């Protein structure tokens with residue numbers, strides 16, 4: 001069997017290489033470059049690109065300072081010139097360009113150094129060129145509709161705004177890439193627009209992408225959110241910006257850290273994790289964003305106690321985005337579920353057990369992943385009753401949460417248990 005699989009892999013690789021050779025022999029140099037560049041993006045992008053994103057990316061030339069909308073290739077041209085190596089997957093109204101099979105992606109990744117010897121540098125430079133060219137057109141906008149219109153006009157803007165820092169780090173040994181990234185980072189015009197684009201495209205509230213908020217963020221904020229580690233270190237070494245500077249809503253570069261690499265560097269340089277913005281401090285923000293590694297750093301290395309929050313413990317912050325990995329990590333690191341009063345829940349609907357009450361909140365917020373984790377960890381008592389004589393199964397049924405119902409039934413919840421009004425769980429949907 002192993003020999004057969006090896007033969008199959010070798011045959012597939014040979015077939016893919018033959019297709020690549022066919023592409024390279026295309027008579028039209030423009031068609032050949034289109035296909036190879038499309039494959040380069042499929043191989044190096046941090047997430048699958050939509051057709052419109054890829055089309056605009058393919059129209060950008062390195063070090064170009066002018067948008068080229070007339071050079072955007074069509075979906076048909078992209079797919080046909082790749083000779084079946086890529087396909088367009090249509091799902092929920094979005095069309096993304098992907099390898100036609102998982103084995104093709106594996107082949108491209110394994111051979112990317114020979115197929116695309118400057119792929120990482122090229123992708124990084126294109127992201128940076130796109131963000132830097134024609135600077136006068138990048139200005140902060142006032143309304144969500146204006147930002148949406150800009151993203152419709154320039155579909156590659158969202159991807160470039162999210163991932164330019166990661167691509168710049170990947171190509172950090174390339175001097176032209178470093179120079180362009182440094183120019184962007186220090187641009188008082190482009191940096192705030194990137195912040196606004198990211199936050200609005202992420203569906204965040206307007207306080208995150210308002211002109212005032214985006215204008216108040218320093219290059220340290222921009223580098224921390226972009227994941228541009230080399231640029232962050234350079235800024236910190238120069239010491240031009242306050243490491244604990246707060247934006248208009250109180251956000252520091254540490255609260256803006258996109259991953260544990262960035263957070264670790266900021267903490268090593270003296271960032272204060274106890275400073276809070278409107279939402280909370282570094283531990284609360286990391287818990288809400290499901291930044292498991294940052295949660296662990298803050299508790300293990302900075303000795304932040306997840307149980308010393310009288311009004312909004314980090315565990316409760318995990319419910320805002322159903323951040324189950326943070327929820328479980330906090331429990332593993334000693335966090336306990338406190339009994340908190342929720343004014344939106346009637347006293348008789350409340351439970352005596354803290355975990356039961358937490359479970360009820362998770363149900364109301366439809367945190368299906370946290371709910372499942374609580375059940376699997378044995379934190380929920382399916383038989384405890386509240387002032388109305390109801391169990392948590394009554395509320396799961398009332399919210400029509402089928403996953404929660406199945407989980408509770410798997411640990412012995414009684415589907416025939418009647419409350420004080422004589423209602424069993426299946427009859428709750430019409431009352432809650």
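Residue 353 fulfils the conditions (1) touching a residue at least 40 places away in the same chain (Cβ under 8 Å); (2) at negative phi except for a single criterion, (1).
Does the range 313-325 contain at least one residue that is farther than 25 Å from residue 351 by Cβ and at pLDDT 95 or above?
So the first thing to find is which residues in the range 313-325 are farther than 25 Å from residue 351 by Cβ, and the list is 325.
Subsequent filtering for residues that are at pLDDT 95 or above retains 325.
Scanning the range 313-325, I find at least one residue that is farther than 25 Å from residue 351 by Cβ and at pLDDT 95 or above, so the answer is yes.
Do you know which of the residues in the range 361-397 that are over 27 Å from the mean Cα position of the chain (by Cα) and not in a loop (DSSP other than H, G, I, E, B) is surrounded by the most Cβ atoms within 10 Å (Cβ to Cβ)? Full working, then the answer.
Filtering the range 361-397 down to residues over 27 Å from the mean Cα position of the chain (by Cα) leaves 378-397.
Subsequent filtering for residues that are not in a loop (DSSP other than H, G, I, E, B) retains 392-397.
Details: 392: 30, 393: 24, 394: 26, 395: 23, 396: 26, 397: 26.
By that ranking, first place goes to 392.
Number of residues in the range 326-351 that are modelled with pLDDT of 95 or more and assigned to a helix (DSSP H, G or I) equals 7. Counting only helices (runs of 4 or more DSSP H) wholly contained in the range 221-314, the ones carrying 2 or more residues that are under 30 Å from residue 339 (Cβ atoms) occupy 282-288, 292-300.
Which residues, taken from the range 145-156, are under 21 Å from the mean Cα position of the chain (by Cα), part of a helix (DSSP H, G or I) and surrounded by fewer than 23 Cβ atoms within 10 Å (Cβ to Cβ)?
Start the filter on the range 145-156 by keeping residues that are under 21 Å from the mean Cα position of the chain (by Cα), which leaves 147-148, 151-152, 154-156.
If we keep only those that are part of a helix (DSSP H, G or I) as well, we get 147-148, 151-152, 156.
Passing the criteria: 147, 148, 151, 152.
Applying the condition of being without any contact (Cβ under 8 Å) to a residue 40 or more places away in the chain and assigned to a helix (DSSP H, G or I) to the range 398-407 and asking which residue is surrounded by the fewest Cβ atoms within 10 Å (Cβ to Cβ) yields 402. Across the range 69-85, the qualifying residues are those that are over 15 Å from residue 99 (Cα atoms) and touching a helix residue (DSSP H, G or I) at 6+ places or on another chain (Cβ under 6 Å), and the one among them that is modelled with the lowest pLDDT is 71.
When you look at residue 233, is it under 16 Å from the mean Cα position of the chain (by Cα) and surrounded by fewer than 23 Cβ atoms within 10 Å (Cβ to Cβ), yes or no? Steps first, please.
On the way: under 16 Å from the mean Cα position of the chain (by Cα): no; surrounded by fewer than 23 Cβ atoms within 10 Å (Cβ to Cβ): yes.
No: the conditions fail for residue 233.
For the range 180-210, a tally of residues being farther than 12 Å from residue 249 by Cα and assigned to a helix (DSSP H, G or I) returns 18. I want to confirm something. Restricting to the range 1-29 and keeping residues that are over 35 Å from the mean Cα position of the chain (by Cα) and within 18 Å of residue 74 (Cβ to Cβ), which single residue is modelled with the highest pLDDT? Within the range 1-29, the match that is modelled with the highest pLDDT is 28. Considering the range 197-230, and only residues there that are over 17 Å from the mean Cα position of the chain (by Cα), within 12 Å of residue 262 (Cβ to Cβ) and touching a residue at least 60 places away in the same chain (Cβ under 8 Å), the residue that is surrounded by the fewest Cβ atoms within 10 Å (Cβ to Cβ) turns out to be 230. Only a single criterion out of (1) touching a strand residue (DSSP E or B) at 6+ places or on another chain (Cβ under 7 Å); (2) at pLDDT 95 or above; (3) surrounded by fewer than 20 Cβ atoms within 10 Å (Cβ to Cβ) is not satisfied by residue 98, namely (2).
The values are calculated or read from the model by the stated rules, or taken from the named source; none is laboratory data. Since the model is a prediction, treat every value here as computed from it, not as a measurement. All Cβ positions, even for glycine, are placed from backbone atoms using ideal geometry, and neighbour counts span all protein chains on display.
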